[in-house]
Amino acid sequence: MTPRDPLDRLLDSFAARLGAEAVVRDAGRLHVYAGDGSPMHDALPRAVVFPRDTADVAAIVRACADARVPFVARGAGTGLSGGATALDGGIVLALNRMDRVLAVDPVDRTATLEPGVRNLAVSEAAAEHGLFYAPDPSSQAVCTVGGNVAHNSGGPHTLKHGVTVNHVLGLTLVQPDGHVVRVGDGACGYDLLALLTGSEGTLGIVTEVTVRLLRRPETVVTLLAAFDSIEAASEATSAVIAAGIVPAALEMLDAEVVTALRAAFGFEFPGGAQALLLVECDGVLPGMDEELADVSTLLREHGALSLRAAHDDAERAEIWTARKKAFGALGRIARHYYTQDGVIPRTRLPEMLRRVREVAARRGLRVANVFHAGDGNLHPCILFDSDDDKTKRNVLEAGAEILRHCVELGGSLTGEHGVGVEKREWMSTLYAPDDLAVMARLRDALDPSGLCNPKKVLPLGAGCGELSALGRRAAL
Amino acid sequence: MSAPDAPPAHATHAARPLSDALLDPSCVHCGFCLPACPTYSVLQTEMDSPRGRLQLIEGLGTGRIEPTPQVVAHLDACLLCRACETACPSGVAFGERMEDARAAWHDAPRPLGRRLVERMLTRVVAAPPFVQRMLLGVGARLLALGDGLAAPFPLPARVRTAFALARQFDPRREPELVEGFVAMPRGRARLRVGLLLGCVQRHLFDDVNAATARLLVRAGCEVVIVRGQGCCGALASHAGQRESARSLARKLVAACDAAGPLDRIVSNAAGCGAALHGYPHLLPDDAEAADFAARTVDALELLDELGLPPARRAVPRRAVYHDACHHAHAQGLRAAPRRLLEAIPGLELLPLPDSERCCGSAGIYNLLEPRTADALLDDKLSRLHATGADTVLAANPGCLLHLRAGLLRARLPIEALHPLLLLDAAHRVLLDDEGEALLDADHAEDASA
């Protein structure tokens, strides 16, 4: 028998605990865990393990910490910034089997969930009580609440209801040394919920989430307006918000996206239109007609070519299916797409979209836009067909350029997709070294070994050590 | 471009010459197929999701990964139900890619038991019908013998179910339809159609074939039972035995050709229908096969298209309709069967949640991957039970056998039938002393009332 290296011994111990089937360690099968939803970032993990509960996660994390093996949590692998890739020869903790809805409390309007529960399954579990879970990323039928907490995910309806951090009430966290702590459930002291939500799995692994549920609105109407230019649609967006109306959702789709949707779902686009605006209003019945009339008037005043209202659930479901599957449908018009996630002040939408078009034109690339217009969160999708490195470099550089424009216009690098591997080096375009150093110190304090999802979020720069040294100097 | 930490992705294993479709990366990894995939819901690993399997196929195709038993097992664990195709916004032709991959790595290491069962069954379906009848006869006698001998002993549930299931069939019964038979409608025929009997259907569910012929005649078709038709090749194709699938397909196309001009070629088994529609992929550059595929239609779809006269009698049952995967996902056939069933007086069609979820049968999958197949079956049975239905309708012999086995094992008082049988019961002319009537006396009386 050949002597086994320490990693093999570690994995043997996991297999003994979880069963051999719950530890994947052969190169062939690990191949499918190299990437997530992003076409740009992958790294082969050394192993994938499937814990069943908090105790499993704690035991695995503690053993990894002892053996100095990096580790990263993964949900459904729908992330778009390479956040769940195992860098530095780490192992993946696949949490998709921890998918129990532990409790739904219709009186307090909360749900307690394991991290592998799918986002949509939360609303499904709450439906019988007339409740729902508000953050609704496009991937909500697939993505998990654990991933949502890690990325502080948004979605079309977060315009009115807020992002994940506004809905998380408590978390159970396995710290990077294997200790289990409960966070939140009260409003005193440091707001660790806000710190952990959006920390992209770098400060520990969340194994239980308590979220707020909302009452289903009494009435919902979805308007679909067509415009002859994306500028006109942007102006209309600003006009609606400026009028003090907060729609439940305000989404924009450009002509490229609608071409893909037509191919995928037979979705029809009014002739001559270059942009579609999807406006959803919800609330109590009294006042709804007035709000709808106001929105319709504003849309028409700003050049809406046509206006269609979906009143029943089937019609609304059709529109939303098209919107939510828009990213996937891009496969109909290109082999790959690379989506960016910039944020800009809403008033700069027309200018930003012009800049996006210029960047693409200069680099000979096609761009499709589908985004949350209401909160200025852009998703320009750069389309490409070739797998060669030159094309990919061009695409990546175009993405970086677009984000630089976002920052220039007073915006941010990411609205909801996270920094991950993708944008870590661009963090310095948004933050001064001192600002980043505070983050690095915080991370050091909570993950001193640096094994918990390493090399994500913060720039590598000249090395993490240097950055934290910088931080220490700054703090003196 | 990979992140700096990614290991170099060199092709270290022999790449195989594959069709472009196999390497077509139009999968954008969005993951919408994950919740749609029955095997992912049971096995819960990325390798057992459509997205993961495509990555394995891509890795194998480019030589980045080796066809180890572990890797190949995940290709084999796919049901080929094609639910992922319904879910996929990018329109990836997953079924074709999986069949290509199974054909390309047909020689990869697999467990001996699997190889034997697969080879035996695909040979049996390709054998001439009289040989199949002989084998079935022998099999039935053996089962009866075993049943008798083993009666006093405690038996595993699976074996007992097999015995009980075998008792439902009588292989010595003469078939109602024989090859070469032609049925004419009253008056001028609207269409001349060829009816395919199916390799499983013709022996185990011959009554469905007879019902199909009667209904097609009632809808105004001249029905030709094509001589020398054999098997459509679906099972061989799913098992990666491409050459044998091709030769079966060519034989079937030629047999239909020899039957004179046929407006449509009708099948009544969802699995066969999907395979026939797939002939252009199986036999590329074969114009005859493409023309054949274009004329192929499912019996339920054609009956819906042609329309039937009003039903002759009521069929008082509480039924649910289980969408065979190769109807819903492979042929997009969902509304037509329901429209036909809703027109049957007395039939109450109850909604079945997740009706498009695979029952686990999937050809011979339930024999090769019993654990996964049983998990899916249990799920299906509990949903069936919850509806309070007395009948479950499924338009595929594989589903019917699998469901019947499950219903027997779970002792649920639900009958699993092909929807065409109920349709026929509502439309056929009942003759005196025709002992083959599907409905029992009570139902028939209700119906004539």
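What follows is calculated from the coordinates using simple rules that are stated; it is not laboratory data. Since this is a predicted model, take the numbers as computed values, not measurements. Please note: Cβ atoms are built from the backbone with ideal geometry, for glycine as well, and neighbour counts cover all protein chains shown.
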Note, ³J(HN,Hα) from phi for the range B:212-224, Karplus 6.51, -1.76, 1.60, rounded to Hz, x at Gly and Pro: 4, 4, 4, 5, 5, 5, 4, 7, x, 9, 7, 10, 10
Inter-site label distance for A:LEU7 and B:ARG160 at 7 Å from Cα along Cβ, in nm: 5.0
Positive dipole terminus of the range B:182-306, leading residue within B:VAL217, B:VAL253, B:SER267 (C-beta point charges): B:VAL217
16 Å reach of a label modelled at B:ARG312, 7 Å along Cα-to-Cβ, counting backbone N of the range B:343-362: B:344-345
Cross-link partners of B:LYS380 among aspartates and glutamates (Cα-Cα below 12 Å; sequence separation of 8 or more within a chain): B:ASP323, B:ASP354, B:GLU356
Computed E for A:LEU292/B:PHE181 - FRET, C-beta separation, R0 51 angstrom, nearest 0.05: 0.20
Amide proton proximity set for B:LEU347, modelled H, under 5 Å, gap of 5+: B:VAL315, B:ARG317
Listed residues B:ALA150, B:ALA108, B:ALA324, most fluctuating in chain B (Gaussian network, C-alpha, under 10 Å): B:ALA150
Full-stretch length increase - A:GLU218, A:ARG357 - with 0.36 nm per residue and alpha-carbon distance subtracted: 46.0 nm
Dipole moment magnitude, nearest 20 debye, the range B:233-335 about Cα centre, only Lys, Arg, Asp, Glu C-beta charged: 600
Check: the range A:6-94 dipole with +1 on Lys, Arg Cβ and -1 on Asp, Glu Cβ, in debye: 100
Share antiparallel - DSSP beta bridges, the range A:6-94, percent rounded to 5: 30
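Among DSSP bridges having both ends in the protein assembly as shown, what percentage is antiparallel? Round to the nearest 5. Mind showing how you got there, number by number?
Working: 60 of 89 bridges.
So the antiparallel bridges in the protein assembly as shown amount to around 65 percent.
Is chain A rounded, prolate or oblate when judged by the Cα gyration tensor, a ≥ b ≥ c being the square roots of its eigenvalues, rounded requiring a/c under 1.5 and prolate requiring a/b larger than b/c?
Details: a/c = 1.76, a/b = 1.46, b/c = 1.20.
Cα axes put chain A in the prolate bin.
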Cβ-defined net charge surrounding A:SER449, 9 Å radius [Lys, Arg +1; Asp, Glu -1]: -1
Cβ-based net charge around A:LEU330, under 12 Å, with every Lys or Arg adding one and every Asp or Glu removing one: +1
Dipole axis of the protein assembly as shown (+1 Lys, Arg; -1 Asp, Glu on Cβ), positive-most option in B:GLY148, B:PRO353, A:VAL107: B:GLY148
Cut-off under 5 Å, modelled amide H: who pairs with A:THR110 long-range: A:ASP105, A:LEU213
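For a test of the definition: using alpha carbon positions, the gyration tensor, and the 1.5 limit on a/c, classify the range A:1-57 as rounded, prolate or oblate. If you can, show how the numbers build up before the last one.
Values: a/c = 2.56, a/b = 1.38, b/c = 1.86.
It comes out oblate by the Cα gyration axes.
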Label zone at A:PHE265, where the point sits 7 Å out along the Cα-to-Cβ direction: the range A:314-345 residues whose backbone N lies under 15 Å: A:314-332
Net dipole in debye of chain B [+1 Lys, Arg Cβ; -1 Asp, Glu Cβ; about Cα centre; nearest 20]: 660
Cα long-axis angle, helix A:349-362 against chain A (0 to 90 degrees, to the nearest 10): 70
Whole-Hz couplings from phi, Karplus 6.51/-1.76/1.60, listed for the range B:394-410; x for Gly and Pro: 9, 9, 8, x, x, 4, 4, 5, 5, 5, 4, 4, x, 5, 5, 5, 8
Under 11 Å, Cβ to Cβ, from B:ARG250 - net charge with Lys/Arg +1 and Asp/Glu -1: -2
Percent breakdown of C-alpha pair distances by 10 Å bin, ordered from the shortest bin, for chain B: 4, 20, 31, 26, 13, 4, 1, 0, 0
Three-way shape label, the range B:234-281, alpha-carbon gyration tensor, a/c 1.5: oblate
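As a footprinting exposure proxy, order A:HIS179, A:HIS405 by other Cβ within 10 Å, with the fewest listed first.
Values: A:HIS179 12, A:HIS405 21.
Fewest-to-most ranking of A:HIS179, A:HIS405: A:HIS179, A:HIS405.
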For A:LEU169, residues with placed amide H under 5 Å, excluding near neighbours: A:THR210, A:VAL211, A:ARG212
MRE, 222 nm, helices only [DSSP H, n ≥ 4, -39500 (n - 2.57), over the protein assembly as shown, to nearest 500]: -12500 deg cm²/dmol
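Using the number of other C-beta atoms within 10 angstrom as an exposure proxy, rank A:VAL122, A:VAL24 with the fewest first.
Listing A:VAL122, A:VAL24 from fewest to most nearby Cβ atoms yields A:VAL24, A:VAL122.
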Helix B:370-387 axis, angle to chain B major axis (alpha carbon atoms, nearest 10°): 50
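Using R₀ = 22 Å, calculate the FRET efficiency as 1/(1 + (r/R₀)^6) where r is the Cβ-Cβ separation of A:ASP88 and A:TYR190; round to 0.05. Don't skip to the answer; put the middle values down first.
Values: r = 29 Å, r/R0 = 1.34.
With R0 = 22 Å, the Cβ-Cβ based efficiency is 0.15.
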Distance (nanometres) between label positions extended 7 Å along Cα→Cβ at A:ASP389 and B:ASP285: 3.6
Calculated from backbone phi, Karplus (6.51, -1.76, 1.60) coupling profile of the range A:274-289 in Hz, x at Gly/Pro: 10, 8, 10, 10, 10, 10, 10, 10, 9, x, 7, 4, x, x, 5, 4
Under 24 Å from the Cα of A:LYS160 - lysines, other chains or at least 8 residues apart: A:LYS324, A:LYS325
The range B:116-185-the range A:28-49 distance, computed between alpha-carbon centres (Å): 46
Gap separating the Cα centres of the range A:424-456 and the range A:131-146, nearest whole Å: 28
Least to most buried among B:MET120, A:MET40 (fewest other Cβ within 10 Å first): B:MET120, A:MET40
Nearest-0.05 FRET efficiency for B:LEU135 and B:LEU430, computed from C-beta distance (R0 25 Å): 0.15
Acute angle (nearest 10 degrees) that the helix B:129-150 long axis makes with the longest principal axis of chain B, alpha-carbon atoms: 90
